[in-house]
Every structure is written in structure tokens, then in C-alpha cells.
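Data first, discussion second: the structure below is written as C-alpha cells.
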Amino acid sequence: MKRPLLFAVLGVAALAAAGFGGYRLALHRMMDAPASQAEAKAAGDRKVLYWHDPMFPQQKFDKPGKSPFMDMQLVPVYADSGAAAGPGVSVSAATAQNLGVRYATAEEGSLEAKMEAVGSVAWNERNLVQLQARSGGFVERLYARAPLDPVAKGAPLVEILFPEWAAAQEELLLLKRQGIEELASAARRRLALLGMTEAEIRAVEQSGQVRTRFTLHSPIGGVIAELGVREGMTVTAGATLFRIVDLSSVWVNAEVPEAQAAWLKPGAAVEARVPAWPDDAFKGRVNAILPELNPATRTVRARIELANPAARLKPGMFANLAFSAGRGKPAVLVPSEAVIRTGERNVVILSVDGRFVPAEVAVGQEMGGRTEILKGLKAGEKVVASGQFLIDSEASLKGALARLEGGNAKPAAGKLHPGSGSISDIDAAKGRIKMSHGPMPTINWPAMEMGFMVADPKLLEGIARGDVVEFEMRGEPGKDGDYVIETLKKRGAQ
């Protein structure tokens, strides 16, 4: 390591150590400093409930003295002080105003599912007709000559010569002239199987003439989506000649975010707008929700069917969609900004009798700037809608978040934290020790002198002041959040 960098690192370490030591020294002097005469007189008129160590507020003492945990004097808690008023933190009205704290009242209601998505216009596949050649033949004349040409219902599309149909017609006419009705009926069925319509067969019987050329007509009105035939070509049985689609209605394939897919229901009303006609809204409904998720965009595809007057919506157009899926189930609603999301839990800050109390909640859907609260909050309770992060930080410093009502947030009781130190005081009757321990990396503690409770007084057998010990401790929910020594032995002992 280069010398300038080494000096810089040593300087930062020295400043950090000096900062921590300076903090303890200043705190020690502050706690030991005598109050002014006015403060002492004012304090003399106030009722003291108990004394405590600000670093361990959960432990209460009935008389003043030195803290068994830290090297400082115990601090009195008065009956009219904020610490005795209840859980949470207290912020003056002036401070709350300066912080820009706003309030909102939790209300009973239901969210109206309004979502926005994007999609593209496509053919309505249910309005598509495909024409195929039923027999082999030759294209004599083509009326519809280009893809996407509009065609009317019943309009001629193509004229084809079917040689196989001609032979079957001659057979039918011959049998009818001979009066063999049974065989004539069989010939008629053969013509139907070859692809002739009932009307075409009757026309042949009435005229007595064999027809070789037949014209195919469009069964619906629309546009030619696919043209598979050209004039003069030979076609085989089953070859696709035309695909015609009716544009009176179209599909819009919408991409809906995965988180909002639960709101989407078949039949939900949809309003679509396209850049070509921004002032016109095209009404429709959700036709189907496809059972597939796009893993790249994390979206679900919904198929919307829209009426298409004057065929203004063209396949391939981009559309902005607004869904209205109705209202959800009744729930308690708060502004979304009132919910603090930590990743592990969701918290709101309640305003109760001038104090701010954190409450853990279970959240549901979010829509239009409001969030459903499924558990942990009642209608009518006042919550903080802005400035709650500063209040939450203050509550965390005072341990309020660790003591949520119902005991939802408890210190972790599973992990043991190892350490070593020198015993400075023992109170075997109360199961307490005081020691100067070294740094504890697992909980980011620096070296300090403090007091601990012992899980089993038998651990203190054979331990005396001045002994250097190895120990393991953990946070104990059953003892108001104290850290409890679980194992204790002299250094070097087996």
C-alpha cells in the first residue's frame, strides 16, 4: 500500500474512533451535568414515574443512580413527559408544520379498477373465411386481382374450369334420361362431394346442359387478406384460393402488466384511441385473456374486440386502451403515499392523541393513488400522508417500531452473537454482569462497557471480577428486548 493512502486510512480510523469516544464523553458529561436552578425548580414540581437508561429504555428503575448498562446516570421519566404518554413519538405542532406533515383519514370503500395499456390492431380471426378448391381445375378468369382489395358479399371472385365436374354431370344427365332414379341419386351425391352446390346441381338438371366453368362468389363482405390464385394457373383440390376477413369489427391485442392482471375480466368495458383519430373513442369489451405470460415484458395478453365503423381501424395500428373492470371488494383505503414499504413489511404512521404510532399493515391492490389495507388499520383512523419517513426514523431511534402492538416486530431470537470481554461487576442475585467487551462484528458493535442479563445464573459459577471471558448472546423477546448471555466461560477454560 502506498504511504499517502496508508496515512489516509489511518486518519479516517482515528477520526472514527475519536468520534465515537467523543460522543460517549459528551453524552456522559451531559447526563452528569447539574441542571440550572430554574430547571431544577421546575423538575422539583414534577412527578417522577421511574428512571431509565436512554440506551436501554425498556429497563425501568425505581431510584436514581448509575446505569448498569452504560457509563452514565439514569434519566428520570416524568408523568407529563412524552415518554410516559404511550407508544410512539411526540412531535410538536410547530415541528410537524415545518416538516410539512399532512394527514389523511382511512376510509371504508372499494377501488375502481381503471387501467391503461397499449396494444395493436389485428384481424378479427372469427370473421375470417377461407375459400379452397374442392377439385382440380384451371383458372379461366380472375375478378379480385390484388390482396387487401375490398369485396362485397356475393361479388364474383374467380371463374374456374373443373373437368372432373363435367364428367360427373354427363353421367347424371344420362341416368336421368334413362329413368334410372336410384343411380341418378347416386350421381347427384357424387357431384355434391366434388364441391358443386345444390343450386348448381339443380341448374344442370333443369337446363340439361353440362357446365364446365363455375364462378366462386364471396360469402361475406370485407377485404382479401390473402390471394392464392392467379389467372391461367392450375389449382389442385384443397389449394387455398382466398382468405377474406370482415372488418366490421377488429381485435386489439393488449399487453397488460402482470401486477394488474387480477383486475382483468372477460367482458370488461374498454375504450380505445388511435393516433389517426385522437378525438374518437372506439368502444369494446375484453373478449379473452390468453393463458400466456410474456417473460420478457412480464405482461399478459388480452384480446379486445372493437366495433370498426367505416373500417377506420386498420390492422397494425397502435392503440391506447383504458380498461374499466368495475369495483373491487370493500376494504379500508388510504393514500398510497401513506404506506412505508420497507421490503419486509408495510407500515403506516398513525396520529393518536397528538402522538405518532407506527402500525404494521397488510396491503392489497393499488389504484389511482389509493391502496387497500387488508389488515392492521380501521376506517376512521388518522394516518400521516407526508413527512412520515422522518417520524418513522424518530420512532426507530426510540424503539417504537420494535414494539408494535401485537408484538409483530420482535428481536431475532435465533442467531447467537459471539464476543469476548473482561468482567467488571457481577450481580449473581439478579443474574446480571457488567463487562468491557471488544468489537462484535455480527451486530456492528464497537468495543464498550455495558451490562448484560444472563440466561442461567449457573453460568456465573466460577466467574469473578477481572476474569476474561468468551460469551455468546442473543436478543431475547421475552425480556423486553434485552440482549441475554446464553453461553459464558473463562478464556482458556474447557
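Every read-out reported here was derived from the displayed coordinates using simple, explicitly stated rules and does not represent laboratory data. Predicted model, so just to flag it, every value in this text is computed and none were measured. Positions of Cβ are generated from backbone atoms using ideal geometry, with glycine treated the same way; all protein chains shown enter the neighbour counts.
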Next item on the list: Over 29 Å between C-alpha atoms is what I'm after, so list which of LYS283/LYS329; LYS60/LYS458; LYS378/LYS415 land there.
Entry: LYS378/LYS415
Margin query: Given an 8 Å cut-off on Cα distances and at least 6 residues of separation, report the relative contact order of region 165-299 as a percent.
Written below: 15
Notebook entry, point to check: So which aspartates and glutamates pass the test for LYS47, namely a Cα distance under 18 Å, with those fewer than 8 places away in the same chain ruled out?
Noted result: GLU39, ASP62, ASP80
Margin query: At a threshold of 8 angstrom on Cα-Cα distance, excluding pairs fewer than six apart, so keeping six or more, what relative contact order does region 278-383 reach in percent?
Written below: 18
Item checked: Tensor-based shape of region 417-490 (alpha-carbon gyration tensor, a/c under 1.5 rounded, otherwise prolate or oblate) -> oblate
Check: Packing-wise, with mean Cβ within 10 Å as the measure, how do 139-150, 285-296, 369-380 rank, highest first?
Finding: 369-380, 139-150, 285-296
Next item on the list: Starting from the amide H of LEU74, placed 1.01 Å from N in the peptide plane, find each other amide H under 5 Å away whose residue is 5 or more places distant or on another chain.
Entry: GLY65, LYS66, SER67
Note to self: With +1 assigned to the C-beta of every Lys and Arg and -1 to the C-beta of every Asp and Glu, and no other charges, what is the dipole magnitude of region 247-322 about the Cα centre in debye, to the nearest 20?
What the structure shows: 100
Next item on the list: Could you pull out every one of the aspartates and glutamates with an alpha carbon less than 19 Å from that of LYS66, ignoring same-chain neighbours closer than 8 positions?
Entry: ASP32, ASP53, ASP425, ASP427, GLU449, ASP482
Notebook entry, point to check: Can you give the charge dipole size of region 92-231 about its Cα centre, rounded to the nearest 20 debye, using +1 on the beta carbon of Lys and Arg and -1 on the beta carbon of Asp and Glu?
Noted result: 380
Next item on the list: May I ask which residue of VAL256, LEU306, PRO295 lies farthest towards the positive end of the charge dipole of region 247-322, with charges of +1 (Lys, Arg) and -1 (Asp, Glu) on Cβ and the Cα centre as origin?
Entry: LEU306
Notebook entry, point to check: Along the positive direction of the dipole of region 105-199 (beta-carbon charges: Lys, Arg +1; Asp, Glu -1; about the Cα centre), which of ILE180, LEU157, MET196 reaches farthest?
Noted result: ILE180
Next item on the list: Go through 225-231, 276-282 and give me the packing order, highest mean Cβ count within 10 Å leading.
Entry: 225-231, 276-282
Check: Residue farthest toward the positive end of the dipole of region 417-490, with Cβ of Lys/Arg at +1 and Asp/Glu at -1: which of VAL484, ALA447, ILE433?
Finding: ILE433
